[in-house]
1. Mind pulling the angle between the C-alpha long axis of helix A:147-160 and the longest principal axis of chain A? Nearest 10 degrees, somewhere in 0 to 90.
2. For residue B:130 and residue B:106 in the same chain, what is the full-extension length gain: residue separation times 0.36 nm, less their Cα-Cα distance, in nm?
3. Mind checking the angle between helix B:125-138 and chain B's longest principal axis? C-alpha axes, 0 to 90 degrees, to the nearest 10.
4. Please compute one quarter of the surface area of the Cα convex hull for the range A:138-234 and express it in square nanometres.
5. Could I get the Rg over Rh figure for the range B:89-134? Both from C-alpha atoms, Rh via Kirkwood, rounded to two places.
6. Of B:130, B:122, B:48, which has the largest mean-square fluctuation in a 10 Å C-alpha GNM of chain B?
7. Rounded to two decimals, what ratio of Rg to Rh does the range A:10-136 give with C-alpha atoms and a Kirkwood Rh?
8. Quick one: plug the Kirkwood hydrodynamic radius of the range A:213-279 (C-alpha pairs) into Stokes-Einstein at 10 °C, 1.306 mPa s, and report D in µm²/s.
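The numbers here are math on the coordinates, done by the rules we state, and not lab data. If you're wondering where the values come from, they're calculated on a predicted model, not measured in any experiment. As a convention, Cβ positions derive from the backbone with ideal geometry for all residues, glycine included, and neighbour counts pool all protein chains shown.
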């Protein structure tokens, strides 16, 4: 009756430092810190559990340092968790905790299932390789070998992300911030990912460019029925893109629910502060 | 029975700027039969909208049950159902017309209404656009506004777009929060005619109306929210 989540995360914890038995107990919103008073380790996120369903856009909102981006880095296998499990609902991987796979298998999943777009384009792009080359790189690691196919696919993606196709051989370093973000999105979509992670993708862009990027994401999501996790500190972005959201503070989830419910009937004091802080 | 509200209460605990409890609605109980129009009456601030928002789950009920007899899942307690279930119901059965237009910015009026249908029902795009046009025309929205963004519209025009978006996909349960509040008599009647037609086609409705005379024209029964229970602010 109910569909199974496409991605499931259980008890995800990341502690930077040596860690101790008290790290998780003495940190979090109630303690108003994410630094363990005993061992001084930083608890970036602790006991994070959530599900992502097919075609759903899930928001993660919270202030800087609340652990939002750490979660995406963990899910993208950029860093290893201290504790936790992650599952994807595909026939060959069902029931397997992805964090326990070897690095080769993880890379394979990353290349074929996940698309990631970072706040800073230099994290997702090779600035001194042409736009076409950036997209081709992603296709090559997903085992596409035919050059003319790759070129055609890159052009398609540029059109899809509204980048002038005549700029396919230009270097991203010569692009504007908004355009670099589009290239990142094109690159992330190249391998037709199952899930897309967006980490503060409109932060630092001017308003009209922000709006265009958000509209692009919305259109692409609708067209491909993508499952997306959107990390943002901007309530407007969360309101526009997501149907469900998670609110984080000091590494812990303080509230989770339907986005309209969180914005109109926030339960936790921090969420109330966040919502009332909107300009 | 399509919907049964049992001892529904909503108390808002607010921590900002200072700790306060505000009661939205207290001990509300009613049944709504399939195909019926239930009007909700009560003075301003008596919690009428709160009841509707609890049924749509924009507000989390504090206590009580909201039993909805859904096509998809059978009886669902909206007060406690998983978010995934609520989202599915919002996409296939339950629609809500808010007092104020809240829509995705930078989308034209016609596309907003057509998308409301396209995202919920399997219809060809051409047909969705045609239906959207029909409904907007019936509500008296001038066709020159179809390609404009509704954020620039008058209050009445925005309200019409709001209603068009909710009505176009023929929901099974329609929640109406002051659907005629910012409309003149002529426009209000256009809305009522459209709602009556939808009702005849089987849609069950719960509506909060500002104007009792208007409500009498469409409601089969009314539920009075007793403002007397309302204690207002207390710490």
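1. 60
2. On the way: separation 24, 0.36 × 24 = 8.64 nm, distance 2.07 nm.
6.6 nm is the gain from fully extending residue B:130 to residue B:106.
3. That works out to roughly 70 degrees.
4. Values: hull surface 26.1 nm².
Taking the Cα atoms of the range A:138-234, their convex hull projects to 6.5 nm² on average.
5. Numbers: Rg = 11.1 Å, Rh = 11.5 Å.
Across the range B:89-134, the Cα-based Rg/Rh ratio is 0.97.
6. B:122
7. Details: Rg = 16.6 Å, Rh = 16.5 Å.
Reported Rg/Rh (Cα atoms, Kirkwood Rh): 1.01.
8. For the chosen part, D equals 125 µm²/s.
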